[in-house]
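Heads up: the structure comes next, in structure tokens.
Just so it is clear, none of the values below were taken in a lab; they were calculated from the coordinates. None of these values were measured; they are calculated from a predicted model. Positions of Cβ are generated from backbone atoms using ideal geometry, with glycine treated the same way; all protein chains shown enter the neighbour counts.
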Ligand SMILES: Nc1ncnc2c1ncn2[C@@H]1O[C@H](COP(=O)(O)OP(=O)(O)O)[C@@H](O)[C@H]1O
Ligand SMILES: [Mg+2]
């Protein structure tokens, strides 16, 4: 080998070891109320908590050397189009989980980005539609022989007609809302009256169709997945509540998920799932990737399960574009797999560009 060739080879190896990242222009789409101020140190703890995801992602993008520009949106698409046409970002980082106050409209925003032909991070419209509907996603999973709790739906303006095979206790949820909206202890129902009352609550107060599922007692496990074609399943995480009274059912209620005081008081945390029964860790990895594919998910998502006392695993729901704050499970799970927060954000960007 000539010296010239040798040094070219060494140069290649060097580049491989130290990948030079292209500096990207990243337009970060977020809710208008969640655009972080220039100086976040002025904010109170709870004010900062509210905008933490937006702030963390912007921070990470800048540390990665990218040019990141936040764009707050609420109910108009034109500002998105103008920003894309005027600033010409390489990619849009999508942090929206609602539009015009509707959780299910985020899919339309992503569809709009596709029409603008600008790359974006996270899930495509098809994945958002399939995963958002808790009945539709279970129907797809059942076709692929994945175990799901038995369920039925009650559309708005319809009365409950419980199929005979559906025995109490049952749990009543919103068909399409997320983040445990409308989930409290009263969501678990043990008779016809309580069932009817809770379904009415879903229809009237939450304003959505209801899904009624067989209640699965047991452990609660989350698995993050990253990728478009080649997938990585992150180590499984488990919801732990120290202060659970004997006989009390473990469920992720609204206050358990979002109320910091409640979390402190009851010892709520999510940590690595320990002492899983034989074979469960392997099936979590395999099944999570299968679910991700069958629901057309891309970029990043988190799959939620119940692990019943008899060791049977039930698929509860898939969360496309789950919370990306630095302290949230996806970031923690990634860290356990050796992926730093910045690395996670960079991967999500790269997956969006490669689509
Ligand atoms: N079939 C079920 N059996 C037992 N617990 C459930 C069931 N469905 C939901 N839960 C509890 O309610 C929580 C919220 O339900 P989930 O379907 O994940 O909706 P969300 O989109 O609001 O997170 C779950 O994390 C779990 O604790
Ligand atoms: Mg959930």
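A few comments on the model shown:
- Angle in degrees between helix 3-17 and the longest Cα principal axis of the chain, rounded to the nearest 10: 30 degrees
- Panel order for 172, 241, 199, by other beta carbons found within 10 Å of each beta carbon, from fewest to most: 241, 199, 172.
- Rounded to 10°, Cα long-axis angle of helix 78-87 versus longest principal axis of the chain: 20 degrees
- Residue order, fewest to most beta carbons within 10 Å, for 253, 121: 253, 121
- Summed over all non-identical Cα pairs, the Kirkwood treatment of segment 151-214 gives a radius of 11.3 Å.
- Computed helical MRE - 222 nm, the chain, DSSP H runs ≥ 4 contributing -39500 (n - 2.57), nearest 500: -11000 deg cm²/dmol
- DSSP bridge orientation in the chain - percent antiparallel, rounded to nearest 5: 75 percent
- Computed on segment 198-266, with alpha-carbon pairs under 8 angstrom and 6+ residues apart, the relative contact order is 20 percent.
- Taking the empirical scaling 2.2 N^0.38 Å for compact globular proteins as reference, segment 240-324 has a Cα radius of gyration ratio of 1.23.
- Segment 128-259: C-alpha gyration tensor shape, a/c 1.5 cut-off, then a/b vs b/c: oblate
- The fewest-to-most ranking of 144, 266, 203 by surrounding Cβ atoms within 10 Å reads 144, 266, 203.
- Pairs of Cα atoms nearer than 8 Å and 6+ residues apart set the relative contact order; for the chain it is 18 percent.
- Helix 134-143 axis versus longest C-alpha principal axis of the chain: approximately 90°, rounded to the nearest ten.
- Over segment 151-214, relative contact order from alpha-carbon pairs under 8 Å, at least 6 apart, %: 51 percent
- q = 0.11, 0.12, 0.14 Å⁻¹: log10 I(q)/I(0) that the Debye formula gives for the chain, counting C-alpha atoms only: -0.80, -0.94, -1.25
- Taken along its principal axes, the alpha carbon cloud of segment 43-189 reaches lengths of 58, 40, 31 Å, longest axis first.
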